[in-house]
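Taking it in order: structure first as structure tokens, then the write-up.
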Amino acid sequence: MTLEDRWLSLKEQIARATERARRQAEQVRLVAVSKTHEPEKIQQLLNAGQIVFGESRVQEARAKMELVSGRAEWHFIGNLQKNKVKHLMPGFSLLHSLDSVELGSQLSRISEEQGWHLPVLLQVNVGRESSKHGFFSDTIGVEAQPLLEMPRLEVRGLMCLPPFREKPQEARRDFARVRELRDELERAWGCALPELSMGMSHDFEQAIAEGSTFVRVGKALFGERSGKTWRPLPDEMG
Ligand SMILES: *Cc1c(COP(=O)(O)O)cnc(C)c1O
């Protein structure tokens with residue numbers, strides 16, 4: 001199968017899962033996770049009609065932005081290091097992985113200095129795993145509240161990376177828990193949190209059943225990531 005064929009079949013699977021959940025097609029958007037992959041592949045998908053691309057390294061993504069042409073939307077989905085914060089904007093239109101108030105205030109301050117406005121999702125560590133980032137479900141209500149007051153950040157919802165489960169079915173309760181947490185936070189904070197970034201290659205159908213609005217799919221689209229990460233040639237660094 002070509003990349004375009006895989007994209008078409010993935011879109012079809014997403015559409016079917018959305019229909020089964022009795023949700024509207026436009027409520028679920030595909031984030032094509034292009035981290036480590038060549039800009040040529042991004043260009044192919046962009047030409048086919050894919051809009052949103054997910055990257056997890058600022059420099060790698062910035063180099064790719066220079067090399068592809070068209071109306072791509074770039075989302076940052078990885079762990080954002082504090083020394084990379086000032087390079088995030090402009091370019092990224094959504095940060096899926098805001099995981100601390102400290103990072104949030106840094107982003108807000110830089111956004112203010114440079115005249116931006118940044119939509120963000122709060123990452124929830126739903127399995128309380130030490131290997132993963134994110135707020136804990138039982139403390140996010142109090143801990144993350146200061147983020148709502150930061151004038152340059154717009155908190156749009158939650159994101160999760162649940163523990164690895166053998167069977168995708170088992171991930172479904174993690175997704176349900178995050179959806180319920182979103183509902184609780186909307187009541188507690190008195191604001192709308194419309195976005196839920198949940199589901200990857202092996203479990204996006206379960207995530208859609210539980211209300212996901214962004215599925216982040218890498219492997220099922222681009223194939224396995226080899227150990228080799230795409231890097232710009234020196235003359236492409238600009
Ligand atoms: C890499 C990555 C994905 C994509 O995972 P696949 O299993 O390749 O679909 C999704 N979300 C985040 C945060 C990632 O880092």
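Some observations on this one:
- Failed item in (1) in contact (Cβ under 8 Å) with a residue 24 or more places away in the chain; (2) more than 16 Å from the ligand (Cβ to nearest atom); (3) not aromatic (F, W, Y), with E113 passing the rest: (1)
- Residue in region 119-139 that is modelled with the lowest pLDDT, counting only those that are buried (at least 21 other Cβ atoms within 10 Å of the Cβ) and at negative phi: V126
- Filter result for the condition that a residue is closer than 17 Å to K219 by Cβ, surrounded by 17 or more Cβ atoms within 10 Å (Cβ to Cβ) and not basic (K, R), over L45, L94: L45
- Taking the conditions (1) outside any helix (DSSP H, G or I); (2) free of Cβ contacts under 8 Å to residues at least 40 places away in the same chain in turn, L121 satisfies each one other than (2).
- Just one of the numbered conditions (1) of a type in the set (K, R); (2) more than 9 Å from the ligand (Cβ to nearest atom); (3) part of a strand (DSSP E or B) is not true of R216: (2).
- For region 81-109, a residue qualifies if it is among the aliphatic types (A, V, I, L, M), within 16 Å of the ligand (Cβ to nearest atom) and touching a residue at least 24 places away in the same chain (Cβ under 8 Å), and the qualifying residues are L88, L94, L95, L98.
- For L147, the conditions (1) in contact with a helix residue (DSSP H, G or I) (Cβ under 6 Å, 6 or more places away or on another chain); (2) aliphatic (A, V, I, L, M); (3) under 18 Å from T213 (Cβ atoms) all hold with the exception of (3).
- Residue that is basic (K, R), on the phi < 0 side of the Ramachandran plot, over 18 Å from the mean Cα position of the chain (by Cα) and at pLDDT below 95, where the choices are K86, K41: K86
- Restricting region 150-187 to residues that are touching a strand residue (DSSP E or B) at 6+ places or on another chain (Cβ under 8 Å), among the charged types (D, E, K, R) and away from the ligand (no atom under 16 Å from the Cβ), the residue that is farthest from R128 (Cα to Cα) is R152.
The values are calculated or read from the model by the stated rules, or taken from the named source; none is laboratory data. What you see is a predicted model; the values in this text were computed from it and never measured. All Cβ positions, glycine included, derive from the backbone under ideal geometry; neighbour counts span all protein chains shown.
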